[in-house]
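Written out below as structure tokens is the structure these notes cover.
The values are calculated or read from the model by the stated rules, or taken from the named source; none is laboratory data. None of these values were measured; they are calculated from a predicted model. Because the Cβ atoms are built from the backbone with ideal geometry, glycine has one as well, and the counts that use them run over all protein chains shown. Only protein heavy atoms, including side chains, enter the accessible area calculation; ligands, DNA and RNA are left aside. Shrake-Rupley method; radii C 1.70, N 1.55, O 1.52, S 1.80 Å.
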Amino acid sequence: MSSVLFDAPGPKARARYRILGVVTALVIIAIVGFIVLRFAQSGQFDEKKWHLFTFPLVQQTIIQSVGATLSAFATAAVLSLVLGVFLAFGRLSDRKWISLPCYGFTELFRAIPLLILMMIFYYGLPPLGVQGITPFTAVVAGLVLYNGSVLAEVFRAGIESLPRGQSEAGYAIGLPKSAVMTNILLPQAVRSMLPVIISQLVVILKDTALGFIVTYNEILFQAKYFGSQAQYGSPIIPSAIIAGVLYVGMCLILAGIAKWLESRMRRNVKVVKVAKSEIVAIEG
Amino acid sequence: MNTLLNNSDLFITGFRNTLILFGVAGIFALILGTIVATLRVSPIPAMRAAATLYINVVRNTPLTLVLFFFALGYPKLGLVEIDFMTAATVGLSLYTATYVAEAVRSGINTVPVGQAEAARAIGLPFTQTLTLVILPQAFRAVIPPMFSVFIALLKNTTVAAGFSVAEAGAIRSNLSERGEPAMAGLLWVALIFVLLVFILSFVQRKLEKKWKVAR
């Protein structure tokens, strides 16, 4: 698309593009250079600040915190997908007393900030006499309620974008509605919406970092702990860099899987094409 | 009801700061995001690469980590001192701008190719093709995803509470200092957010109807 916005450059334009390209590169180098220089001048690259992270025990703790992040992510991802399927079926139900509560549920939990949801579980429930709320439970419960509602909308849009002939054919051979849904519509909807579903999984992975605020012992929580060790010069920026590399790495792997699946499916003619605008509207 | 009325001062300050964060960060994100989207479709490879890199890195970083850096890391750099509110605004703007950029780019893709071709045919250069012909149409087409971005921004302001900004997410800890039940306070905060989000969705539907592109 982008090449439609400008003509193939002539000799004059090519020269101008070259100059602008060099200027852009210089501006970027200046910005990055300034940041690196500032880091160096304030001693962020000093051996002392990084020494902490050379201890095997510290490295082990970091790996454990990655495990904590991943276990919250995996649990929340599976449960959100299940909840999403149920809510989507609920909303598509012909019975008003099923579809209306499901509609209310998805709209409500998409509107409450995730952090507030986690706080309701972690700080709100125990004083009311609810036992056994660990930070892990609070993080997973919040993630599932929020992302389950978002995924429900994704599944619904996927099912509604399928050609009507698909469900009609199912009814014509005498299948009940539940079988039409689970055997015909859902498998196709999931395939066509797979890229959106996986980008929602990236959101779940990123949002586990909110767990740090409700004291869940994940990557960022450890990063703050190590970053405040005064005898190593409070290496808060080195630990933020390490946490950043871990998060960006994990998310890029997931996003890479999404891209791979998308390109694989584009070659597969059996997958129903969903209008791009529909996907964009949900992704937001 | 008592929790809300007896502590209305906390709720008012909290939500005032939330709305300030939302408004200021929203405007900056909109401007920066549009610039980044423009760079991403520009004819100059270096600009495209820079914008793509920025979007890919920031989109894959948790917002909590972005604010973590600005609230706890930035003061260590010995630059100009800024308060937590400003730090949170900068962090939220930089983070949200990537989502705005992606929304604008998807909007550019919805504009029919003929529009750009016609603009080129009458001799408009890239900047004018984009600013006079493509972007005005793209912005109209992009209202639903753009509002999703802003609703997300509104909800994301609560994350600033984890970093000493006295906005709506921080109401709980202030309430517990006064011995109020945590649940009641949190449910009120949740309810007000639900109302704010519904107002935004209402505005979205109005604008969508008003600005629909006739094709």
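Relative contact order of chain B: 29 percent, from C-alpha pairs under 8 Å at least 6 residues apart in sequence. Taking one quarter of the surface of the convex hull spanned by the alpha-carbon atoms of the protein assembly as shown gives a direction-averaged projected area of 27.8 nm². For residue A:95 and residue A:51, the difference between the fully extended length at 0.36 nm per residue and the C-alpha to C-alpha distance is 9.5 nm.
Springs between alpha-carbon pairs under 10 angstrom, Gaussian network model over chain A: which of A:16, A:95, A:38 fluctuates most? Per the Cα network of chain A with a 10 Å cutoff, A:16 tops the list. Have a look at region B:78-103 and report residues whose accessible surface goes down by 30 Å² or more when the remaining protein chains are included, against the chain on its own, probe 1.4 Å, ligands and DNA/RNA excluded. Flagged in region B:78-103: B:79.
If you take all other residues with their beta carbon under 13 Å from the beta carbon of residue A:101, and give Lys and Arg +1 and Asp and Glu -1, the sum is +2.
Between the residues B:145, B:185, B:173, the greatest Cα displacement towards the positive end of the dipole of region B:135-215, with unit charges on the Cβ of Lys, Arg, Asp and Glu, is found for B:145. Average accessible surface for region A:9-130: 58 Å² per residue, computed with a 1.4 Å probe over protein heavy atoms with every protein chain in place. Each chain gives up part of its surface: B and A jointly bury about 4800 Å² of accessible area, both sides summed, for a 1.4 Å probe. Comparing the full protein assembly with the isolated chain (1.4 Å probe, heavy atoms, ligands and nucleic acids excluded), the residues of region A:1-31 losing at least 10 square angstrom of accessible area are A:1, A:2, A:4, A:5, A:6, A:7, A:17, A:20, A:21, A:24, A:28. Would you mind checking the tilt of helix A:186-207 against the longest principal axis of the Cα atoms of chain A, expressed as 0 to 90 degrees and rounded to 10? Computed tilt is about 30 degrees. Note on chain B: GNM, Cα springs under 10 Å; of B:21, B:32, B:195, the largest mean-square fluctuation is that of B:195. Please state the shape class of region B:70-215: rounded when a/c is under 1.5, otherwise prolate if a/b exceeds b/c and oblate if not, all from the C-alpha gyration tensor. Note, shape of region B:70-215 comes out oblate. The accessible-area loss of region B:27-44 on complex formation, taken against its chain alone with a 1.4 Å probe, reaches 10 Å² or more at B:41, B:43, B:44. Of B:85, B:146, B:47, which has the largest mean-square fluctuation in a 10 Å C-alpha GNM of chain B? Its mean-square fluctuation being the largest, the pick is B:47. The residues of region B:1-139 have, on average, 43 Å² of accessible surface per residue, using a 1.4 Å probe with all protein chains present. Working note: 222 nm ellipticity from helices only, DSSP H runs with n ≥ 4, each -39,500 (n - 2.57), summed and divided by the residues of chain B, gives -23000 deg cm²/dmol to the nearest 500.
For region A:9-143, the fraction of 1.4 Å probe accessible surface lying on carbon and sulfur atoms is 73 percent.
Solvent exposure of region B:140-182 amounts to 32 Å² per residue of accessible area, where only protein heavy atoms count and the probe is 1.4 Å. Measuring spread by the Cα atoms of chain A yields a radius of gyration and Dmax of 24.4, 76 Å. By accessible area, using a 1.4 Å probe on protein heavy atoms only, region B:95-215 has 61% of its surface on carbon and sulfur.
Give me the number: length gained by fully extending residue A:169 to residue A:30, i.e. 0.36 nm times residue separation minus the C-alpha to C-alpha distance, one decimal in nm. Gain on extension, residue A:169 to residue A:30, equals 43.8 nm.
Carbon-plus-sulfur accessible fraction, region B:1-60 (probe radius 1.4 Å, protein heavy atoms only): 74%. The alpha-carbon of residue A:96 sits under 19 angstrom from the alpha-carbons of these aspartates and glutamates, leaving out residues fewer than 8 places away in its chain: A:107, A:153, A:160. Listed values for region B:130-146 are Karplus-derived 3J(HN,Hα) couplings in whole Hz (6.51 cos²θ - 1.76 cosθ + 1.60, θ = phi - 60°), namely 6, 7, 9, 10, 7, 4, x, 6, 4, 4, 5, 6, 9, 4, x, x, 5, and x replaces Gly and Pro.
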